[in-house]
1. When you go through 43, 91 one by one, which is the residue that is in a loop (DSSP other than H, G, I, E, B) and crowded, with 16+ Cβ neighbours inside 10 Å?
2. All but one of (1) buried (at least 16 other Cβ atoms within 10 Å of the Cβ); (2) within 16 Å of the ligand (Cβ to nearest atom); (3) under 23 Å from residue 15 (Cα atoms) hold for residue 116; which doesn't?
3. Just need a number here: residues in the range 121-158 that are more than 28 Å from residue 3 (Cβ to Cβ) and in a loop (DSSP other than H, G, I, E, B).
4. Test residue 46 against the criterion of being away from the ligand (no atom under 16 Å from the Cβ) and in contact with a helix residue (DSSP H, G or I) (Cβ under 7 Å, 6 or more places away or on another chain), and give yes or no.
5. Residue by residue through the range 153-168, note down the ones that are over 16 Å from residue 118 (Cα atoms) and within 10 Å of the ligand (Cβ to nearest atom).
6. Show the residue pairs that are 6+ apart or on different chains and have beta-carbon atoms under 8 Å apart, the first residue being within the range 189-200 and within 14 Å of residue 21 (Cβ to Cβ), the second being in a loop (DSSP other than H, G, I, E, B) and within 9 Å of the ligand (Cβ to nearest atom).
7. For residue 137, only one of the following conditions fails: (1) away from the ligand (no atom under 16 Å from the Cβ); (2) more than 23 Å from residue 223 (Cβ to Cβ). What is its number?
8. Residues to consider are 233, 217, 210, 196; find the one that is within 10 Å of the ligand (Cβ to nearest atom) and surrounded by fewer than 14 Cβ atoms within 10 Å (Cβ to Cβ).
Ligand code: BGC
């Protein structure tokens, strides 16, 4: 197992891509702290499954859109498992409004949940790694839209573009201390965020035709990439992005 003895935190770990990451990390032997703000039963089910399989997991109710919530999450991980090795900034939302439709409170919410959480999550995880006198890894789940405009989803794209520069800047700042910061950038994934597309056959078909690998990702396919980045196999990766998108960014729609 590639992550035996490692302690990992996954924000928004109870659903969607987060759930796929939690399962993949646990399958490789990491003890996983599953952060959630809604649906505590989903976190509880995951803890039960991981524990039944002989692993270690803990659910923590913490709102990572505030620095206090993030600190509570990290403190809970350390209180239960003694240390921190891997911190995954996964929590994210989107509202699918264009620039002209965007409301101020909506913008602030998306930016807080997606980007502020990642900035202070990276900061607090790095402070913990330094206190431990250890290195560590921060994995930021961005999106192909860290680089690729998605008209009609303005605030989301701004937040993911911000994560791109968070990772590059923090990775450069923290590299000398042995702390790595890497973005994993998914394309389209079968999660609640994409429910409307997945439940409409015509929309789903159109999306799949735009993906060279011809399928919308399962959350586990993103989880496997996070395991690689967070494990020793990824030891020379920092301040950069790994795109895990089935080729969608390079696809030639309709050809
Ligand atoms: C967005 C989805 C979108 C996908 C591919 C994701 O980051 O959350 O709404 O379908 O990118 O464009």
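Every read-out reported here was derived from the displayed coordinates using simple, explicitly stated rules and does not represent laboratory data. All values derive from a computational prediction rather than experimental measurement. Neighbour counts run over all protein chains shown; Cβ positions are idealised from the backbone, glycine included.
1. Just a single option satisfies the conditions, and that option is 91.
2. Failing condition for residue 116: (2).
3. Selection size over the range 121-158: 7.
4. yes
5. Correct list: 153 only.
6. Once the first residue is within 14 Å of residue 21 (Cβ to Cβ) and sits in the range 189-200, its partners that are in a loop (DSSP other than H, G, I, E, B) and within 9 Å of the ligand (Cβ to nearest atom) give 189/216.
7. (2)
8. So the residue among 233, 217, 210, 196 that is within 10 Å of the ligand (Cβ to nearest atom) and surrounded by fewer than 14 Cβ atoms within 10 Å (Cβ to Cβ) is 196.
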